[in-house]
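A.B. asks: Structure in structure tokens, see below.
The values are calculated or read from the model by the stated rules, or taken from the named source; none is laboratory data. This one's a predicted model, so the numbers in the text were calculated from it and none came from an experiment. Don't worry about glycine lacking a Cβ; one is built from the backbone with ideal geometry, like all the others, and counts go over all protein chains shown.
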Amino acid sequence: MSAAAPLLEMRGISKTFGAVRALRGVDLTVWPGEIHALMGENGAGKSTLMKILSGAYHADPGGRLMVDGREVSIASPLDALQLGVAIIYQELSLAPNLSVQQNVCLGREAARAGILDKAAMRRQCADILKRLGADFRPDTRVSRLSLAQQQMVEIARALSVDARILVMDEPTASLSSRETDKLFGLIRALRADGLAIIYISHRMAEVYELADRCSVLRDGAYVGTLKREDLGEARLIQMMVGRDLSDFYKKDQGEGRSFGAQVLKVEDLTDGRRIGPASLDVRAGEVVGLSGLVGAGRTELARMIFGAEPARGGRILLDGQPLAARHPAEAIAAGIVYLSEDRKGLGLFFDMTIEDNVNLAVAARDAYPFGIRRLALAARRGVDALKRLSIRARSAQSTVRALSGGNQQKVLFARLLATAPKLLILDEPTRGVDIGAKSDIYKLIDKLARSGAAILIISSELPEVIGIADRVFVMRDGQIAGVVTGADITQERIMAIATANNDKPVGEH
Amino acid sequence: MSGTPSNASQVDDLSLSVGRAEATRSLVRALGMLPVLLLLCIAFSLATGKFATVQNLIIIVQQASINLVLASGMTFVILTGGIDLSIGSVLAAAAMAALIVSLDPTWAVMAIPVALLVGVAFGTLNGSLIALVPLPPFIVTLGALTAIRGSARLLGNDTTVFNSDLGYAVIGEGDLFGIPWLTVIALGVVVISWFVLTKTVLGLYIYAIGGNPDAARLTGIKVKRVLILVYALSGLTAGLGGVMASARLYAANGLQLGQAYELDAIAAVILGGTSFLGGIGSVWGTVVGALMIAVLSNGLILTGVPDVWQSIVKGLIIIGAVALDRFRTGAEKAS
């Protein structure tokens with residue numbers, strides 16, 4: 001931070017989409033050799049700001065952009081690249097069927113007299129990979145690399161154009177903790193080389209560990225920048241959501257809930273291969289956690305209960321009646337709904353309106369004879385959903401694509417709730433959701449339980465499970481390895497069961 | 001659900017009126033190609049006085065009518081993200097069946113039902129292979145294109161079947177209050193398609209499946225059932241097309257009838273702004289697309305463009321129109 005001028009200065013950047021003001025006079029200053037975290041809820045304007053920096057969007061007139069103290073204008077992604085700005089998006093943009101080297105040089109192939117100079121490209125690529133400490137070779141096919149390695153290819157691509165400002169959008173979202181450590185080492189090395197790294201993340205722990213400074217956006221406005229020594233969870237959350245930490249992570253959420261009759265009973269359910277035989281139960285008004293490491297078989301078990309995957313043995317009782325759903329439609333008709341962990345791929349219909357998304361599961365049961373829809377009722381359900389779940393959208397006729405992650409998740413919840421379910425299976429209900437929406441979702445789950453619904457929740461975030469579950473089943477290698485209740489629901493206890501080596505079930509049952 | 005009644009209804013009114021504004025916008029998007037259609041009409045009117053007469057416009061719509069019927073069915077299929085290449089052959093097979101039945105005095109009244117049944121049967125077969133095996137729609141209907149064409153020839157022992165006393169010939173040459181029956185049928189099919197797509201559960205499911213088939217299944221939609229139904233409907237419209245085509249000709253030939261009709265139907269759907277990937281589009285767009293194709297054919301003949309050049313110009317205008325549309329909607333997004 002000793003340089004005379006900031007590497008990047010954005011001043012008074014605004015951006016409006018139609019009637020929506022996505023950014024309102026945002027400032028951002030980044031110095032060379034700095035890791036600068038950019039935080040804010042989903043929809044706060046981080047991506048919009050970065051898209052302006054990368055030339056994908058044009059800012060409204062009035063703002064100023066300076067690189068090395070010189071005023072510049074970025075009209076296209078090419079302009080951004082020439083100024084040394086490179087962005088690594090959450091969803092990587094590599095060509096999987098090409099080699100590492102082909103990807104690194106893509107679009108800027110070295111050539112002599114129109115013929116590719118493969119040797120030169122290989123050399124350049126190998127140099128960069130060596131600098132990054134990569135454990136793969138330039139001619140490896142990208143499809144054979146792990147996600148972490150592919151990310152490294154993206155970084156190599158940025159370095160090959162001499163990027164000086166590297167923007168990373170949630171780079172650790174799909175990495176293991178070992179891979180994350182390695183990435184952090186790499187980011188620090190790049191910092192030491194004088195690059196500026198703009199690091200977008202929702203994970204506080206990462207920001208503490210990595211960031212030199214942290215800027216916060218809220219509702220499209222710049223809130224402030226904290227230095228490393230001033231970073232603190234309470235302060236950051238307060239800046240991001242504009243209210244106090246005490247509203248959040250209420251430990252007493254389950255307090256005073258009373259349980260009714262058994263709603264779901266699963267007995268020795270198995271897919272005949274990897275999952276089960278597994279048994280569990282959920283009572284009315286109860287929130288039951290299904291915990292375990294990634295790959296322990298939680299989602300598979302849930303999908304079997306929901307009829308999305310065939311079961312090969314065991315049985316499912318709903319309200320004491322045997323249920324053998326061979327299709328999700330049958331499970332939904334019986335009163336079970338499932339919220340998928342993959343909101344985009346398995347949940348929402350991005351080009352359909354909020355209203356249609358909300359109505360999909362109940363359109364048939366609402367309809368007049370011959371499948372003629374009750375459109376007035378559908379419109380009412382759409383408008384109700386906006387109000388009831390405080391979904392931020394222009395109207396129920398907006399397409400889901402335009403919403404932030406948290407609001408999308410609420411639309412998905414609205415669809416489930418429309419069916420008035422007895423049992424909700426929630427698979428990672430707060431994944432990729434900002435803090436405000438998270439707190440709304442916790443409140444909603446608590447409210448549902450209090451109104452007598454049975455809830456089975458899968459979550460990889462242990463504090464979340466601990467915060468809201470009354471009982472927790474822990475899975476390991478496709479089996480239920482144990483169950484914990486009450487005061488036993490602690491991070492240590494759950495992790496002990498999830499990672500234990502012996503095959504004997506632990507915990508009381 | 002919450003808030004005082006008066007408050008809530010105010011919120012309702014506000015959201016519903018914003019909703020209406022957005023609905024209007026989506027209508028504009030659906031009719032995106034309408035300006036191009038009007039432009040073509042103006043250009044042909046200026047080029048020749050023969051174009052913009054009431055009589056000629058009636059002829060254009062009549063010439064568009066079979067394609068309109070086929071394209072309506074194709075709209076359903078493409079909205080699910082599929083394609084049906086077999087409809088030209090299905091049309092020929094249905095027409096052959098209808099004519100053969102019409103020649104037998106006892107069964108002649110069943111000619112139309114038989115044609116429709118043949119269409120539905122082939123469509124259901126396509127749909128079952130696509131949904132149940134499952135196989136890609138392109139492959140299944142490409143195979144069906146050839147196989148059903150062969151079946152159509154087989155039905156008439158590879159000859160042309162005539163019936164100068166065709167019971168349903170009125171469809172081909174009669175009119176209702178001055179509007180040809182072919183046009184009346186086409187408009188009927190369009191209105192029914194519009195109704196199904198926008199007012200029924202099936203329509204909602206079709207858009208959902210086209211948008212995200214995996215999510216559709218998890219939402220409780222029986223995707224396979226809907227797909228079979230959609231291809232059956234496409235077969236039904238092809239069967240109806242067979243009735244219409246044979247009614248005009250008093251004859252059917254298994255080899256020649258309906259050749260390449262599937263291409264005009266697909267062109268009409270795509271010109272109408274329906275996404276080839278499924279999930280986005282409307283039948284009104286298809287109407288505009290089908291009329292564009294008919295206007296082009298008619299206008300190029302009237303302005304005396306040589307036959308060879310007609311197809312070249314027609315093809316280029318189709319590509320150009322879609323490019324223009326992409327350019328326009330792309331510009332909208334960026335601004």
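A.B. asks: Run A:Arg431 past the list (1) farther than 23 Å from A:Glu300 by Cα; (2) touching an Asp or Glu at 6+ places or on another chain (Cβ under 8 Å); (3) not aliphatic (A, V, I, L, M) and report the number of the one that doesn't hold.
C.D. replies: (1)
A.B. asks: Can you name every residue in the range A:274-287 that is assigned to a loop (DSSP other than H, G, I, E, B) and at negative phi?
C.D. replies: Applying the first criterion (assigned to a loop (DSSP other than H, G, I, E, B)) to the range A:274-287 yields A:274-277, A:284-286.
Those that are assigned to a loop (DSSP other than H, G, I, E, B) and at negative phi: A:Arg274, A:Ile275, A:Pro277, A:Ala284, A:Glu286.
A.B. asks: A further question follows. Tell me whether the range A:61-72 contains one or more residues that are within 30 Å of A:Lys438 (Cα to Cα), touching a residue at least 12 places away in the same chain (Cβ under 8 Å) and basic (Lys, Arg).
C.D. replies: no
A.B. asks: A follow-up question, please. Test A:Ala302 against the criterion of being within 14 Å of chain B (Cβ to nearest Cβ) and part of a helix (DSSP H, G or I), and give yes or no.
C.D. replies: Considered against the rule, which asks whether it is within 14 Å of chain B (Cβ to nearest Cβ) and part of a helix (DSSP H, G or I), A:Ala302 comes out as yes.
A.B. asks: How about the range A:432-451: which of its residues are of a type in the set (D, E, K, R) and in contact with a Phe, Trp or Tyr (Cβ under 9 Å, 6 or more places away or on another chain)? It would help to see each step written out before you state the result.
C.D. replies: First pass over the range A:432-451, keeping only residues of a type in the set (D, E, K, R): A:434, A:438, A:440, A:443, A:446-447, A:450.
The one that is of a type in the set (D, E, K, R) and in contact with a Phe, Trp or Tyr (Cβ under 9 Å, 6 or more places away or on another chain): A:Lys438.
A.B. asks: Quick one: which of A:Leu317, A:Leu290 is in contact with a helix residue (DSSP H, G or I) (Cβ under 9 Å, 6 or more places away or on another chain) and either more than 10 Å from chain B (Cβ to nearest Cβ) or part of a loop (DSSP other than H, G, I, E, B) (or both)?
C.D. replies: Values: A:Leu317 fails: in contact with a helix residue (DSSP H, G or I) (Cβ under 9 Å, 6 or more places away or on another chain).
Within the list A:Leu317, A:Leu290, the selection yields A:Leu290.
A.B. asks: Same structure again: Could you tell me whether A:Asp135 is closer than 25 Å to A:Ala80 by Cβ, of a type in the set (Asp, Glu) and not in a helix (DSSP H, G or I)? Quick ask: steps written out before the conclusion?
C.D. replies: Values: closer than 25 Å to A:Ala80 by Cβ: no; of a type in the set (Asp, Glu): yes; not in a helix (DSSP H, G or I): yes.
In short, no.
A.B. asks: Restricting to the range B:150-185, give me the number of residues that are under 24 Å from the mean Cα position of the chain (by Cα), surrounded by fewer than 17 Cβ atoms within 10 Å (Cβ to Cβ) and within 13 Å of B:Leu249 (Cβ to Cβ).
C.D. replies: Here the count works out to 1.
A.B. asks: For the range B:200-285, which helices (runs of 4 or more DSSP H) that fit wholly inside it have 1 or more residues that are surrounded by 24 or more Cβ atoms within 10 Å (Cβ to Cβ), under 15 Å from the mean Cα position of the chain (by Cα) and in contact (Cβ under 8 Å) with a residue 60 or more places away in the chain?
C.D. replies: On the way: elements: B:201-211, B:213-218, B:223-249, B:261-271.
Output list reads B:223-249, B:261-271.
A.B. asks: Separate question: From the residues in the range A:164-194 that are part of a helix (DSSP H, G or I) and among the aliphatic types (A, V, I, L, M), which one is nearest to the chain's Cα centre (by Cα)?
C.D. replies: Result: A:Leu183.
A.B. asks: OK, next. So in the range A:332-375, with the set limited to residues that are within 27 Å of the chain's Cα centre (by Cα) and over 18 Å from B:Pro213 (Cα atoms), which one is surrounded by the most Cβ atoms within 10 Å (Cβ to Cβ)?
C.D. replies: Just the residues of the range A:332-375 that are within 27 Å of the chain's Cα centre (by Cα), to begin with: A:332, A:336-361.
Now drop any that are not over 18 Å from B:Pro213 (Cα atoms), which leaves A:336, A:355.
Details: A:Ile336: 27, A:Glu355: 24.
If we take residues in the range A:332-375 being within 27 Å of the chain's Cα centre (by Cα) and over 18 Å from B:Pro213 (Cα atoms), then A:Ile336 is surrounded by the most Cβ atoms within 10 Å (Cβ to Cβ).
A.B. asks: Within the group B:Val230, B:Val223, B:Val190, which residue is more than 30 Å from A:Pro310 (Cβ to Cβ) and among the aliphatic types (A, V, I, L, M)?
C.D. replies: Just one listed residue meets the conditions, B:Val190.
A.B. asks: Which condition from (1) modelled with pLDDT of 95 or more; (2) in contact with a helix residue (DSSP H, G or I) (Cβ under 6 Å, 6 or more places away or on another chain); (3) over 30 Å from A:Arg415 (Cβ atoms) is the one that B:Gly150 breaks?
C.D. replies: (2)
A.B. asks: Something else now. Which pairs have Cβ atoms under 8 Å, sit 6 or more apart or on different chains, and link a residue in the range A:143-162 that is within 15 Å of A:Gln124 (Cα to Cα) to one that is among the basic types (Lys, Arg)?
C.D. replies: A:Leu159/A:Arg131; A:Ser160/A:Arg108; A:Val161/A:Arg108
Yes/no per residue for (1) buried (at least 17 other Cβ atoms within 10 Å of the Cβ); (2) among the aromatic types (Phe, Trp, Tyr); (3) farther than 30 Å from A:Val223 by Cα; (4) in the same structural domain as A:Ile187 (by TED's automatic domain parsing):
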site: A:Ala44; (1), (2), (3), (4): yes, no, no, yes
site: A:His58; (1), (2), (3), (4): no, no, no, yes
site: A:Arg70; (1), (2), (3), (4): no, no, no, yes
site: A:Ser76; (1), (2), (3), (4): no, no, no, yes
site: A:Leu81; (1), (2), (3), (4): yes, no, no, yes
site: A:Ala119; (1), (2), (3), (4): no, no, yes, yes
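A.B. asks: Just to be sure, is A:Phe413 within 14 Å of chain B (Cβ to nearest Cβ), at pLDDT 95 or above and crowded, with 19+ Cβ neighbours inside 10 Å? Can you show your working first?
C.D. replies: Numbers: within 14 Å of chain B (Cβ to nearest Cβ): yes; at pLDDT 95 or above: yes; crowded, with 19+ Cβ neighbours inside 10 Å: yes.
So A:Phe413 passes the test.
A.B. asks: Can you tell me which residues in the range A:444-462 are in a helix (DSSP H, G or I), free of Cβ contacts under 8 Å to residues at least 40 places away in the same chain and surrounded by fewer than 16 Cβ atoms within 10 Å (Cβ to Cβ)?
C.D. replies: Answer for the range A:444-462, where residues must be in a helix (DSSP H, G or I), free of Cβ contacts under 8 Å to residues at least 40 places away in the same chain and surrounded by fewer than 16 Cβ atoms within 10 Å (Cβ to Cβ): just A:Lys447.
A.B. asks: From the set of residues in the range A:376-397 that are more than 16 Å from A:Ala437 (Cα to Cα) and within 7 Å of another protein chain (Cβ to nearest Cβ), which is surrounded by the most Cβ atoms within 10 Å (Cβ to Cβ)? Can you show your working first?
C.D. replies: Our first condition is that a residue be more than 16 Å from A:Ala437 (Cα to Cα); within the range A:376-397, this holds for A:376-384, A:394-397.
The next check asks that each one be within 7 Å of another protein chain (Cβ to nearest Cβ); those that pass are A:379, A:383-384, A:394-397.
On the way: A:Ala379: 18, A:Val383: 25, A:Asp384: 21, A:Arg394: 18, A:Ser395: 21, A:Ala396: 30, A:Gln397: 23.
The residue in question is A:Ala396.
A.B. asks: Does B:Gly188 satisfy the condition of being at pLDDT 95 or above, surrounded by fewer than 19 Cβ atoms within 10 Å (Cβ to Cβ) and either under 22 Å from B:Met110 (Cα atoms) or touching a strand residue (DSSP E or B) at 6+ places or on another chain (Cβ under 6 Å) (or both)?
C.D. replies: Spelling it out, B:Gly188 is indeed at pLDDT 95 or above, surrounded by fewer than 19 Cβ atoms within 10 Å (Cβ to Cβ) and either under 22 Å from B:Met110 (Cα atoms) or touching a strand residue (DSSP E or B) at 6+ places or on another chain (Cβ under 6 Å) (or both).
A.B. asks: Quick one: in the range A:359-375, which of the residues that are in contact with a strand residue (DSSP E or B) (Cβ under 8 Å, 6 or more places away or on another chain) and farther than 23 Å from A:Leu423 by Cα is farthest from the other protein chains (Cβ to nearest Cβ)?
C.D. replies: Among residues in the range A:359-375 that are in contact with a strand residue (DSSP E or B) (Cβ under 8 Å, 6 or more places away or on another chain) and farther than 23 Å from A:Leu423 by Cα, the one farthest from the other protein chains (Cβ to nearest Cβ) is A:Phe370.
A.B. asks: Can you report the number of residues in the range A:38-61 which are out of contact with any strand residue (DSSP E or B) (no Cβ under 6 Å at 6 or more places or on another chain) and on the phi > 0 side of the Ramachandran plot?
C.D. replies: Residues in the range A:38-61 being out of contact with any strand residue (DSSP E or B) (no Cβ under 6 Å at 6 or more places or on another chain) and on the phi > 0 side of the Ramachandran plot: 2 in total.
A.B. asks: Quickly run through the range A:322-343 and pick out the residues that are in contact (Cβ under 8 Å) with a residue 60 or more places away in the chain and not hydrophobic (A, V, I, L, M, F, W, C).
C.D. replies: A:Gly335, A:Tyr338, A:Ser340, A:Glu341, A:Arg343
A.B. asks: Let me ask something else about it. For A:Ile441, indicate whether it is at pLDDT below 90 and assigned to a helix (DSSP H, G or I). First the steps, then the outcome.
C.D. replies: Working: at pLDDT below 90: no; assigned to a helix (DSSP H, G or I): yes.
Here the answer is no, as A:Ile441 does not meet what is asked.
A.B. asks: Select from the range A:321-358 the residues that are more than 7 Å from chain B (Cβ to nearest Cβ), of a type outside the set (Lys, Arg), part of a helix (DSSP H, G or I) and under 18 Å from A:Lys410 (Cα atoms) and list them in ascending order.
C.D. replies: Answer for the range A:321-358, where residues must be more than 7 Å from chain B (Cβ to nearest Cβ), of a type outside the set (Lys, Arg), part of a helix (DSSP H, G or I) and under 18 Å from A:Lys410 (Cα atoms): A:Ile354, A:Glu355, A:Asn357, A:Val358.
A.B. asks: Which of the residues spanning the range A:24-73 are closer than 16 Å to A:Met168 by Cβ, in a loop (DSSP other than H, G, I, E, B) and of a type outside the set (Gly, Ala, Ser)?
C.D. replies: The answer is A:Glu34, and nothing else.
A.B. asks: Could you tell me which numbered condition B:Asp165 fails, if it satisfies all but one of (1) touching a strand residue (DSSP E or B) at 6+ places or on another chain (Cβ under 6 Å); (2) part of a loop (DSSP other than H, G, I, E, B)?
C.D. replies: Failed condition: (1).
A.B. asks: Just the residues that are under 26 Å from B:Leu70 (Cβ atoms) and within 10 Å of chain A (Cβ to nearest Cβ), please, taken from the range B:222-231.
C.D. replies: Listed by number, the residues that qualify are B:Val223, B:Lys224, B:Arg225.
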